[in-house]
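Nothing in this text is a laboratory measurement; each read-out follows from the coordinates by a stated rule. Given the structure is predicted, the values throughout are model-derived calculations rather than measurements. Note: ideal-geometry Cβ built from the backbone for every residue, glycine included; neighbour counts use all protein chains shown.
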Amino acid sequence: MRRKISLKPITLLLFLITFASFAKEGHSDGEPKSDIKTEIKEYIQHHLKDSYDFSLYSYTNDQGEHVYIGAPLPVILWDNGLQVFWSSKFHHGETVAEVDGNYYKSYHGKIYKTDASGTITYDDHHHPTNAKPLDLSITKNVFTIILVGLLMLYMFSSMAKSYRKGALPKGMGRLLEPIVLYIRDDIAIPNIGKKHYKRYMSFLLTIFFFIWIINLLGLTPLGVNVTNNIAVTLALALLTFFITNFTANKNYWGHIFWMPGVPWPMKIVLAPIELLGIFIKPFSLLIRLYANITAGHIVLMSIIGLMFIFKNWLGSSLSFGLAFALSLLELLVAALQAYIFTMLSALYFGSAVEEHHDH
């Protein structure tokens, strides 16, 4: 834990460098900004979005050129055949990428087919009308998901190997064992029961560590914000939804469609409400995770942005101290959101396999 906390000043410093670079040179599309507030707002919106590369910060060299410090990712398009190239060809949206005689432009986080001059046409609602190829690119969110998946595979494989050699885990297993036992003894068994909890342990462990590690990476200056992408939280919630309903017993469905011990007129009234609850539960999961992570990023970066608005030692010092304290709180939120998602999933699983003895 001490190591994580010591990284936060570096994280905040890199955020400050990023803000400073944007404050000096403006957004990557080259358009001038009306004021610093607008620039900070647009940068926060840019930071929250997925992108085709990892970008730490940028600066303008002596020749007036924008220099970006980061790493490109592979762009994979299907446009009358497979087109693969590095995202560095877009130069952060400033240039057009030419591949086998085709021209592509990155515009507002999407790739459009265009001409050599990068022309974008619009409809009456100012929406681009250019053709969009099928985008299968490895964005920074996709890359992070793959990276975390491989990391978890290594972690649990190492733990399993240590158990094969002896009763006491070693290395990675020694770190993971208390957390695994906590999820088993304090989340899975109390909510699901000793009879059925083993069926769900693999999912509960996976979902907890995945959300936790992803949220921690979101606190780094890499701009990784996987769980503030509603498509990702929707996918996680759908997994809980399908597992709950596909493993449910007849008592679960009986209490939804024809609740025992209730007068039949009330059963007709309650059945649609209970059926609606099946869909409300996963919806609450995805919204809770998405909203909390997104709000945390917005508040943290807004407070950091206040340093460039105050422009004095008192206001900037207070903003920095508040941002530092909030970033430490975000470490707790990262684990708390993983815990809540896992706990509620276990609760839903328990209600699906609960055995009732109605007379």
Point to revise | Within straight-line cross-link reach of Lys311, lysines at Cα separation under 27 Å, skipping those fewer than 8 residues along the same chain | key: Lys8, Lys24, Lys33, Lys37, Lys41
Check your understanding: Can you list the aspartates and glutamates whose alpha carbon sits under 18 Å from that of Lys281, skipping same-chain ones fewer than 8 residues off?
Key -> Glu354
Revision key, fill the gap. Low-density loop trypsin sites (Lys or Arg not before Pro), the stretch 226-315, at most 16 other Cβ within 10 Å, DSSP non-H/G/I/E/B, are Lys311
Practice item. Quick one: dipole size for the chain, taken about the Cα centre, charges +1 on Lys/Arg Cβ and -1 on Asp/Glu Cβ, in debye to the nearest 20. Key: 1780 debye
**Study point:** In nm, spacing of pseudo-spin labels at Leu331 and Ile268 (7 Å Cα→C-beta vector)
**Key:** 6.0 nm
Point to revise | Degrees, to the nearest 10: 2-25 long Cα axis against longest axis of the chain | key: 40 degrees
Exercise for review: Mind ranking 62-74, 325-337 by how tightly packed they are, going by the mean number of other C-beta atoms within 10 angstrom, highest first?
Suggested key: 325-337, 62-74
**Study point:** Extreme residue, positive dipole direction of the chain, given options Leu181, Met301, Gly277 (C-beta unit charges)
**Key:** Leu181
**Study point:** Ordering of 199-210, 342-353 by burial proxy (mean other Cβ atoms within 10 Å per residue, highest first)
**Key:** 342-353, 199-210
Review point. For the chain, what is the mean residue ellipticity at 222 nm derived from helices alone (per DSSP H run of n ≥ 4: -39500 (n - 2.57); sum divided by total residues; nearest 500 deg cm²/dmol)?
Key: -20000 deg cm²/dmol
Review point. Taking Cα atoms, how many degrees apart are the long axis of helix 140-165 and the longest axis of the chain, rounded to 10 and kept between 0 and 90?
Key: 50 degrees
Check your understanding: So how tilted is helix 264-310 from the main axis of the chain? Cα-based, degrees 0 to 90, rounded to 10.
Key -> 30 degrees
Exercise for review: Return the whole-Å distance between the Cα centroid of the stretch 83-144 and the Cα centroid of the stretch 182-238.
Suggested key: 34 Å
